[in-house]
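Read the structure below first, then the notes.
The values are calculated or read from the model by the stated rules, or taken from the named source; none is laboratory data. Just so we're clear, the structure is a prediction, and the values are computed from it rather than from any experiment. Positions of Cβ are backbone-derived with ideal geometry, glycine not excepted, and every protein chain shown enters the neighbour counts.
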Ligand code: NBP
């Protein structure tokens, strides 16, 4: 340990001043979060399993604020004021349980343990229940914005008890991103609600990224535009209703040239999208809850498909429409149509995500304010966007609305996008450019607004082969037709 770190380690051992908050786990996220607390004037106890990371933090950034480094978990815990506020920022899964197991015997009732990692919300529910037995508060908190957000102001989604938020909330709100003076942090709901909302946030992020990627692909392969030109189009979109972090960075990525080859950067990157798993969790959970998040599912599947190298190689060269381009007149108007299709499809993806949040809240008895979620996503996180103000207004007007799509703003936008959205989806099919996000969003929309669905026929099939019964439109009860007999109908 360096002299500076040693001095600070001694000062806390000498019980001069206790830390306001502690961070254990000092890889990129934990280190930056600790620095963020310190830059806001908090005295921060810092600890990491491998002490070298603690020393590095104090050596490199000790001048930014008041850090109390600790080599052992015991000293780390002893250096905190009570009730203790400890943020765990370690690899999600078994490491989180290992750290909790080490901390719990050292803590006192009323202390608050925060897991800021990307935990599955069911793990968070389990941990919250276990720590409650010890009189401890366990807060599973979504933290979005990556390493830059952690340092400069993330979007923070804490779950746990209302009491824990009274102890913790002011600290978290002070380090969170702010938009129009409002912190991007609020109490989401009990036990796993914070991690649930963070999971759906990530799922929406997948869908948003996929839709943007499809828009790029259509402009490139349909309208024949080059990445630099498409970057300009995205820059223009970022000045309008699509203004968002993701559109902004897309224009920057598309404008970038690879220094080594002089080619557009996007052309030298391997086209196999990776994933860490929160998108998959969102879809798995949606399946359990029976919520059709088709936009998020398409995005997860599109990443999986991109990575199935052997399959793609085997299918390469299968017949398609051939090298087909839009004629120049159509190409001129295409970018505007793609913008309409993107906005409409994005509305659907967000509407589905918010529906999943409402379904999760109903299932797990959380009181989640959907408008407040839109508010805390306006800054700090990857899906920050102007559009979220519209979502907030929609829920302010009717917090119980079954779908965002019926809000006046969204309805008008959907009406305005009708022709362009359908044309973009049909053009994609004609040109042989895959646009699963756009197409599934349109299909979801059409299914939702349809007065009748072919589900009636599915019910008939189910009754035919499995006597699963069906309900009728004209009277209550369950019915079965004797398909193998005289086809009379029985009430079951
Ligand atoms: P990592 O996810 O790479 O985890 C590394 C940290 O976990 C190190 O401090 C390491 O200690 C510690 N650790 C491990 Br691994 N096993 C441990 C154990 N058994 N006991 C104690 N500590 C252990 O760090 P990160 O990328 O900073 O992410 C931290 C959390 O934040 C993760 O849950 C991640 O999913 C989440 N998150 C990350 C981002 C991002 O952009 N990176 C964004 C949002 C959320 P060591 O130094 O001794 O090995």
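A few notes on this one:
- Test: residue in region 268-279 that is at pLDDT below 95 and on the phi > 0 side of the Ramachandran plot: yes
- Where a residue in region 265-278 is farther than 15 Å from residue 203 by Cβ and its partner, wherever it lies, is loosely packed, with under 13 Cβ neighbours inside 10 Å, with Cβ under 8 Å and at least six apart: 268/260; 268/261; 272/309
- Hits in region 465-485 (condition: under 16 Å from residue 455 (Cβ atoms), in contact with a helix residue (DSSP H, G or I) (Cβ under 7 Å, 6 or more places away or on another chain) and assigned to a loop (DSSP other than H, G, I, E, B)): 468, 469
- Failed item in (1) surrounded by 15 or more Cβ atoms within 10 Å (Cβ to Cβ); (2) within 12 Å of the ligand (Cβ to nearest atom); (3) over 16 Å from residue 27 (Cα atoms), with residue 75 passing the rest: (2)
- The set of residues in region 466-476 that are more than 16 Å from residue 456 (Cβ to Cβ) and touching a residue at least 12 places away in the same chain (Cβ under 8 Å) contains only 467.
- Of all residues in region 241-261, those that are outside any helix (DSSP H, G or I) and in contact (Cβ under 8 Å) with a residue 12 or more places away in the chain total 4.
- Of the criteria (1) without any contact (Cβ under 8 Å) to a residue 60 or more places away in the chain; (2) surrounded by fewer than 17 Cβ atoms within 10 Å (Cβ to Cβ); (3) closer than 18 Å to residue 339 by Cβ, which one residue 406 fails: (3)
- Scan of region 25-53 for residues that are more than 9 Å from the ligand (Cβ to nearest atom), touching a residue at least 60 places away in the same chain (Cβ under 8 Å) and not in a helix (DSSP H, G or I), ordered by number: 40, 42
- When the helices (runs of 4 or more DSSP H) confined to region 86-154 are screened for residues that are more than 19 Å from the chain's Cα centre (by Cα) and away from the ligand (no atom under 14 Å from the Cβ), those reaching at least 2 such residues are found at 121-132.
- Applying the criterion of being free of Cβ contacts under 8 Å to residues at least 40 places away in the same chain and in contact with a strand residue (DSSP E or B) (Cβ under 8 Å, 6 or more places away or on another chain) to the residues of region 161-175, the residue that is farthest from the ligand (Cβ to nearest atom) is 163.
- Counting only helices (runs of 4 or more DSSP H) wholly contained in region 262-380, the ones carrying 2 or more residues that are in contact with a strand residue (DSSP E or B) (Cβ under 8 Å, 6 or more places away or on another chain) occupy 370-376.
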